[in-house]
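Structure, as structure tokens:
The values are calculated or read from the model by the stated rules, or taken from the named source; none is laboratory data. The structure displayed is predicted, hence computed values, not measured ones. Note that each Cβ is placed from the backbone with ideal geometry, even for glycine, and that neighbours are counted across all protein chains shown. We work out accessible area using only protein heavy atoms, side chains counted, and drop any ligands, DNA or RNA first. Shrake-Rupley method; radii C 1.70, N 1.55, O 1.52, S 1.80 Å.
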Amino acid sequence: MRVLIIGGGGREHALAWRIAQSPEVDRVFAAPGNPGIARVATCLRVGDGSPEACLALAESVDADLTVVGPEAPLVAGVVDAFRARGCAIFGPTAVAARLEGSKVFAKNFLQQSNIPTAGFAAAPDAAAARRALDRFTYPLVIKQDGLAAGKGVVVAEDRPMAEAALASLKPPFVIEEFLAGEEVSYIVLSDGRNVVPLEPTQDHKAVFDGDTGPNTGGMGAYCDSRILTAAESCAILDRIVRPTIEATGFTGFLYAGLMMTSDGPKVLEFNARLGDPETQPIMHRLRTDLAPLLLAAARGALPAANLEWAPGPSVCVVLASAGYPGAFPAGKAIHGIEAAEATGATVFQAGTRQASAALETAGGRVLGVTASGPDLAAAIDKAYAAARLIHFDGMHYRTDIGRKGLTRYNKSTAGT
């Protein structure tokens, strides 16, 4: 197989890293890729990034399969363009990708499909949103309708915070009741009918320790089978995932961002692709050859499969630029990746570029330091030990990735 991966972030590096290990794959291409991806794939330019440009690129390299990483090409209809030409591509159509592309569409779908989610109100503009605020108690959640790279969500503790959020986000808006519980990222492979679940993960959206500060695209994640019980996984599949796929014919990676409440799992959001940084620990743990499964799913023939996973958890710690998730500088020299990887960790590159003298920062989230261990505590220790060997000016990261999982594990083993 010849596989083309669309995208150039940490998620795409992890995908390319895993797919390049497949005995079924001869060559991996990435567009546009990044310096880390260039270690395992051939990086190419993708023109203006339009669906037509992506299709032309896939045809130029004779790709047997194209895998789309980020959401924007999916919402723009890249899958539709490929299918119209008879080219194999893994991802949802533009209509199905509206589950991520429009928060209003997704909330209306959940309500109409009787899928558990938070109570909400949709508002076309700030004036209507202000009127809708009176229907909710605080804290509440305000979301920007369209794509916002994981940052278009504000938890407002009071009316002044809500007013400020409406001024900072773009309309239309969704206003939601605040759900208490623990967040879980639940991702499945689908061919439009059949479903193969991945192991559960937990993302850490807020920029600072203790889930404080503004939301980011994700400051770290861990993958561990103990995040959910077997009964909880079955409930998610039966009440949320399968009804969604049956109603939409969704193909690709369906990501359900969930809150595990006292009333059971409820949907916070849908994504039409793999999460970032959830992909990094997922790919670190996965042992099953992913490439043939993706090709089968793209052809509408995903087999029933029990994926093989490394028994221990994996943890990804994101190293970010100064100022992120706000404005940040670029061009800071990065040191220590080789030393970090010598510890057994894998450093997935996201916002990087190759300068003449050194690897440099080129984004807000720069690196995803990922490690596995026999248990969660060991995986956390390995990831942070590797992260401490890396340096660039202004680098910051959370120091509590996976801590909720440790608390859960310690509670479950107390007295045994």
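Tabulated values for the structure
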item	result
Carbon plus sulfur fraction of accessible area for the chain, probe 1.4 Å, in percent	51
By accessible area with a 1.4 Å probe, ligands and nucleic acids excluded, highest first: order of H391, H204	H391, H204
Out-of-range pairs (alpha-carbon distance over 25 Å; input K332/K404; K107/K404; K151/K266; K170/K205; K143/K266; K143/K382)	K332/K404; K107/K404; K143/K382
Among L294, G326, P277 the positive-end extreme of the charge dipole of the stretch 249-343 (Cβ point charges)	L294
FRET efficiency, 1/(1 + (r/R0)^6) with R0 25 Å, evaluated for A327 and K170 via beta carbons	0.90
Column: log10 I(q)/I(0), Debye, Cα scatterers of the stretch 1-100, q = 0.13, 0.17, 0.19, 0.21 Å⁻¹	-0.38, -0.67, -0.83, -1.01
Accessible area of the chain divided out per residue, in Å², using a probe of 1.4 angstrom	39
Low-density loop cleavage sites - GluC sites (Glu not before Pro) in the stretch 24-106, where at most 16 other Cβ are within 10 Å (DSSP)	E24
Helix-only mean residue ellipticity at 222 nm for the chain, each DSSP H run of n ≥ 4 adding -39500 (n - 2.57), per residue, nearest 500	-8000 deg cm²/dmol
Solvent exposure, largest accessible area first (probe 1.4 Å, DNA, RNA and ligands not counted), of V104, V366	V104, V366
Rounded to the nearest 10 Å², the accessible area of R130 at probe 1.4 Å	90
Net length gained if the chain between T42 and S225 were fully extended (0.36 nm per residue, minus Cα distance)	62.5 nm
